1. If TYR60 satisfies all but one of (1) farther than 15 Å from ILE197 by Cβ; (2) modelled with pLDDT of 90 or more; (3) not small (Gly, Ala, Ser), what's the number of the condition it fails?
2. Restrict the check to the stretch 201-218 and report whether at least one residue is modelled with pLDDT of 95 or more, closer than 21 Å to SER79 by Cβ and either part of a loop (DSSP other than H, G, I, E, B) or within 14 Å of the chain's Cα centre (by Cα) (or both).
3. Find the residue count for the stretch 121-153, including only residues that are surrounded by fewer than 19 Cβ atoms within 10 Å (Cβ to Cβ), polar (S, T, N, Q) and assigned to a loop (DSSP other than H, G, I, E, B).
4. Only one of (1) at pLDDT 70 or above; (2) more than 29 Å from GLN38 (Cβ to Cβ); (3) crowded, with 19+ Cβ neighbours inside 10 Å is not met by VAL71, so which one is it?
5. Restricting the stretch 72-94 to residues that are among the polar types (S, T, N, Q) and part of a helix (DSSP H, G or I), which is farthest from ILE192 (Cα to Cα)?
6. Limited to the stretch 172-200, what total is found for residues that are of a type in the set (Val, Ile, Thr) and at pLDDT below 90?
7. I'd like the full set of residues that are part of a helix (DSSP H, G or I) and touching a residue at least 12 places away in the same chain (Cβ under 8 Å), limited to the stretch 154-179.
8. Which one is nearest to GLU209 (Cα to Cα), of the residues in the stretch 111-143 that are among the hydrophobic types (A, V, I, L, M, F, W, C) and modelled with pLDDT of 80 or more?
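The values are calculated or read from the model by the stated rules, or taken from the named source; none is laboratory data. Predicted model only: the values in this text are computed from it and were never measured. Cβ atoms come from the backbone with ideal geometry, glycine included; neighbour counts cover every protein chain shown.
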Amino acid sequence: GGVRLPVWYAIRVHRYGNCLPESMFTTKQIIIPDSIIQDTNDNDSIDSEQDFGFQNDHDYFHTHFNVSAFVENITEYISGFIAKKALKQINCDVCKGCLVDNKTNNILINIKDRNNALTKPSKDVFYLCSVSEKWIRCKQVKDMYKNNFINKLYLQIKNDVYRSVFNTSTMDTHISGQSSFTNHKEQLVSIIINTYITLRLRSIAKQTENSKISIRKKFTKLITFRNE
């Protein structure tokens, strides 16, 4: 039999106003053959990111993504986190080898990697995350409330990158004989894109909510001042 592969999907909820509801990032399980996902009940979801100190790190999305000179370094740094999440999810050694590359000249990674503990992403993981970021930045927040937004975004990214990543002879040999729709390359691309989308949209949701709180506080102070 097969094992469970998490599939991300979006749920449209209006009562949350301008912030993205947590329910947008729920997962459900489907059974597929030859899955690279670990058959375990200990789901290493994006919610456990604080285990790696990532959630308590600086908000690089908000601080620097609007400055083009920093985008590449920040995306590669975050790609290392995505690769680490994927490494914990999959059980295939060949696929794991496609996720990391210990040779990196990334400035931010070298600064943050004080104890040689950070995961260095492979060029393919970095490329997947870079293209994902490009597509996300093309969208407006209001688009994120549309039906099947995450699924449509995933397909746009996948169609853009699929032929350009994991094109080694090792991977070609590895997936020969596997199903076209559930082969290991297909699953690996899916895991990386979906993990990046989830992390990025949660960052946008957090920024939107913080902005609303800030505006509300300013109006409260203004009203209080005028009533004095």
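1. (2)
2. No, that holds for no residue.
3. 3
4. (3) is the only condition that VAL71 fails.
5. Checking each candidate, the answer is ASN73.
6. Residues that pass the stated criteria total 1.
7. Within the stretch 154-179, TYR154, GLN156, ILE157, LYS158, ASP160, VAL161, TYR162, SER164, THR170, MET171, HIS174 meet the criteria.
8. Once the filter is applied, the top-ranked residue is ILE136.
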